[in-house]
Amino acid sequence: MTVTMRFDAAVLRSYEGEFAVEEVVLNGGPADGEVLVRIAGCGMCRTDLAVRRSAGRSPLPAVLGHEGAGVVVETGGPHTGLSVGDHVVLSFDSCGHCRNCLGAAPAYCDSFAALNLFGGRKEDAARFTDAAGGELAPRWFGQSSFAEYAMVPARNAVRVDRSLPVDLLGPLGCGFLTGAGAVFNSFGAGPGDTVVVLGAGAVGLAAVMAATAAGAVTVAVDRYPERLDLAERFGAIPLRAGPADHASGPDPVPRPGLAERIQRLTDGGAQYALDTTASAPLINEALRALRPTGHLGLVARLRTALPLDPGTLDRGRRISHICEGDAVPALLIPRLTGLWQAGKFPFDQLIRRYPLAAVNEAERDCDAGRVVKPVLVPERSAR
Ligand SMILES: [Zn+2]
Ligand SMILES: [Zn+2]
């Protein structure tokens, strides 16, 4: 049984500062129901970077990272359902016993914010510290995977086939699961449906791949041609949104709107639309592009009020917020790896690997749109 482990992790100490890759200390082995995972790779998600804007709600110093994947090296107790050597993808945390967890909707767990975002899991503060013994925030999303190792509840760890490239699988636990889950679970899109995806980032492109795999006609909207090229490669009809489509405030000049262009491409209107942009003007365009009974899903957090134009929800149209793709990770992740093996969910094409030590470069590239999905790969130090 492990007593004290020292390993490298990317620690964020201030909301404005850079990550520092430094030694951290984990005291004690896995508690009952936990597993220790050697991280093979961890995706960087927008939610990691949003900690900088959390206005103090997400505690620091912290080890972020919540798209980890790796190999189980130690298990706690007989009931984890996992064995040493298992390959696992780590996903979001949930309590397992509230109404929504019991109803197979763990993304809407009563304790979601506390367990995943705000350090609410009650842990012994001395358990996870920096090299000098200074306290670190409780684990982020039940994992804190910008690190060589993560101690996680077995409930968050989904076993995957050992023949898969485990270092690349982490984003299946959040970003790719969010986009694909919205299409498969929230929409239930199938052949002949029409799906519009606003914003062709990691979540949007996963939605495009899923919609294409489901046999739906898919339209991808973005302002960046390189992202639209990717969307087109994954089966979408690319539609460029100009700055005018993002403009807010009075715009008295009539112009062919985005909604009309989408309607022309979708035989009169889309059945489903997924917004990843949180832009109120784009959301209104998407609603106007829906056919009657159409469903618009929002995945990004709105930062402002969302005024809706009159009539946008008429005739059975609806709008909902979708968290983590309405997924039960242990069901959706194997489905996504199966689609990948069949050549129908080529998520690996969105990934660029960075050494863990290059975490700040990965963040800069992410912010600048130079990479869709960075995956941080720890280099094994010989300790
Ligand atoms: Zn719960
Ligand atoms: Zn995420």
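Before moving on, here are some points about what is shown:
- Residue 21 being assigned to a strand (DSSP E or B), of a type outside the set (Gly, Ala, Ser), touching a residue at least 60 places away in the same chain (Cβ under 8 Å) and in contact with a Gly (Cβ under 6 Å, 6 or more places away or on another chain): no
- Segment 151-196, residues that are under 15 Å from the mean Cα position of the chain (by Cα), aliphatic (A, V, I, L, M) and under 25 Å from residue 108 (Cβ atoms): 169, 172, 177, 180, 182, 183
- For segment 74-114, a residue qualifies if it is touching a residue at least 60 places away in the same chain (Cβ under 8 Å), of a type in the set (A, V, I, L, M) and within 15 Å of ligand 2 (Cβ to nearest atom), and the qualifying residues are 89, 90, 107.
- Criterion applied to 296, 282, 239 was being at pLDDT below 95, surrounded by 15 or more Cβ atoms within 10 Å (Cβ to Cβ) and within 21 Å of residue 210 (Cβ to Cβ), and the one residue passing it is 282.
- Tallying residues that are surrounded by 18 or more Cβ atoms within 10 Å (Cβ to Cβ) and of a type outside the set (Val, Ile, Thr) within segment 1-23 yields 7.
- The listed residues are 313, 274, 287, 302, and the only one of them that is in contact (Cβ under 8 Å) with a residue 12 or more places away in the chain, assigned by TED's automatic domain parsing to the domain that holds residue 238 and assigned to a helix (DSSP H, G or I) turns out to be 287.
- Only a single item in (1) assigned to a strand (DSSP E or B); (2) surrounded by fewer than 21 Cβ atoms within 10 Å (Cβ to Cβ) is not met by residue 26, and it is number (2).
- Failed criterion for residue 158 (all others in (1) free of Cβ contacts under 8 Å to residues at least 40 places away in the same chain; (2) in contact with a strand residue (DSSP E or B) (Cβ under 7 Å, 6 or more places away or on another chain); (3) within 16 Å of ligand 2 (Cβ to nearest atom) hold): (1)
- Under the condition of being within 8 Å of ligand 1 (Cβ to nearest atom), surrounded by 17 or more Cβ atoms within 10 Å (Cβ to Cβ) and of a type in the set (S, T, N, Q), the residues counted in segment 67-110 number 1.
- Boolean, residue 117 is farther than 23 Å from residue 83 by Cα, within 14 Å of ligand 2 (Cβ to nearest atom) and at pLDDT below 95: yes
- Yes/no for residue 263 being over 21 Å from residue 210 (Cβ atoms), at pLDDT 95 or above and either surrounded by fewer than 21 Cβ atoms within 10 Å (Cβ to Cβ) or not basic (Lys, Arg) (or both): yes
- Residue 229 vs. criteria outside the structural domain of residue 47 (by TED's automatic domain parsing) and surrounded by fewer than 24 Cβ atoms within 10 Å (Cβ to Cβ): yes
Table: residues versus (1) within 20 Å of the chain's Cα centre (by Cα); (2) within 16 Å of ligand 2 (Cβ to nearest atom); (3) under 25 Å from residue 169 (Cβ atoms).
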{"residue": "27", "(1), (2), (3)": "no, no, no"}
{"residue": "38", "(1), (2), (3)": "no, no, yes"}
{"residue": "41", "(1), (2), (3)": "yes, yes, yes"}
{"residue": "48", "(1), (2), (3)": "yes, yes, yes"}
{"residue": "55", "(1), (2), (3)": "no, no, no"}
{"residue": "61", "(1), (2), (3)": "no, no, no"}
{"residue": "64", "(1), (2), (3)": "yes, yes, yes"}
{"residue": "68", "(1), (2), (3)": "yes, yes, yes"}
{"residue": "72", "(1), (2), (3)": "no, no, yes"}
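- Qualifying residue in segment 54-66 (condition: part of a strand (DSSP E or B) and assigned by TED's automatic domain parsing to the domain that holds residue 117): yes
- Condition check for residue 157: over 14 Å from residue 24 (Cα atoms), touching an Asp or Glu at 6+ places or on another chain (Cβ under 9 Å) and away from ligand 1 (no atom under 16 Å from the Cβ): yes
The values are calculated or read from the model by the stated rules, or taken from the named source; none is laboratory data. Fair warning: this is a prediction, and the values are worked out from it, not measured in the lab. A quick note on method: Cβ atoms are made from the backbone with ideal geometry, for glycine too, and the neighbour counts reach across all protein chains shown.
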